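Accompanying notes for the structure given below.
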Amino acid sequence: MILLTFNILNIEAEAKNSAEISDVERLKITEDNTKAILRILNIHDIKASFFIEISMAGKLQNLIKAISSKGHEIAFYNLNSNLQEIENVKKNIEDFVEKQVRGIRQKDFKLPLQDLKSLEFNYVSNIDNADILFPFKRLKRDTEINEEDGLSIVPESISPYSQLPYNDFVFQILPMNYYQNMVFETLKNDDFVLIYLNSWQFTDFKKYRFDIPFYRSLFSGKKMEDKLDALLTWINEKELATSRMKDYIF
């Protein structure tokens, strides 16, 4: 099973040459990038899980409604929000889309599992930092979904052969043929492959001059759209099964 997921969050980098990119413009970039992702998913009739950064959720209600109405899963990405903030946003979004938000993803700032369970989340999908050296640091593999404190803990996927993780950076930098082979070989060994991408990777960095490392701008923007399109085309051609995370776990 392929679990395709997207983190919807603003790019945090500053603009180059002392220029300014306002919060309003950053939000618009995120909306446009997400709409591009939705368009590609719709073409291939594939459903995914969207992890919305909590502090942005209230500003993206129309986008969240569009994601949900197309049959995709709404989940949360916790950048640095506290428990009360998460509870308030969760209630508001659930009332707005009339669906329960079951999943939450965390990276640097992680709340205790018992606190997340108290908010009636069902699963946690934590991720690690991804930089140019990151793929060479991951040697241990845990591909089983475990239960802790009443929550399903979904690990990141790692190729058993190349030892490369299925994070945003690896997708962006690897040739698509190699990536497809990696997915295919992993599915022979593991029950699922969890893939995650960030909405900001679909930014046109020639148009929006953010100060980011050169390797992060490679194959971004339209090239990321083309890579996602190529992956989904291959998935359908090979008749590989895909699922929203909440459906697969429950």
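Each value in this text was obtained by applying a stated rule to the coordinates, not by laboratory testing. Bear in mind that the values here come from a model prediction, so they are computed numbers and not experimental data. Don't worry about glycine lacking a Cβ; one is built from the backbone with ideal geometry, like all the others, and counts go over all protein chains shown.
Things to note:
- Span-rule helices in the chain, defined as complete DSSP H runs reaching 30 Å or more along the axis (Cα) with Kyte mean at least -1.0: 23-44
- Here the Gaussian network model covers the chain, with springs between Cα atoms less than 10 Å apart; of I11, I235, I21, I21 fluctuates the most.
- Volume of the convex hull of segment 1-110 (Cα atoms only), normalised per residue: 125 Å³.
- Whether segment 92-227 is rounded, prolate or oblate, judged on the alpha carbon gyration tensor where a/c under 1.5 counts as rounded: oblate
- The fraction of Cα-Cα pairs per 5 angstrom bin, counted from 0 for segment 2-249, comes to 1, 6, 14, 18, 20, 18, 13, 8, 2, 0 percent, rounded to whole percents.
- For the chain, modelled as a GNM whose springs connect Cα atoms under 10 angstrom apart, the maximal fluctuation among L174, L60, L79 occurs at L174.
- Rounded FRET efficiency, nearest 0.05, which uses the C-beta distance separating N80 from R209 and R0 of 25 Å: 0.45
- Sites D229 and L119, calculated FRET efficiency, Cβ-Cβ separation with R0 25 Å, nearest 0.05: 0.10
- Net charge of Cβ neighbours under 9 Å - reference M245; Lys, Arg +1; Asp, Glu -1: +1
- Charge tally for L60 (other residues, Cβ to Cβ under 14 Å; Lys, Arg +1; Asp, Glu -1): +1.
- Considering only D23, D190, D226, the mean-square fluctuation computed in a Gaussian network model of the chain, springs between alpha carbons under 10 angstrom, is largest for D23.
- Relative contact order for segment 2-249, counting Cα pairs under 8 Å that sit 6 or more residues apart, in percent: 27 percent
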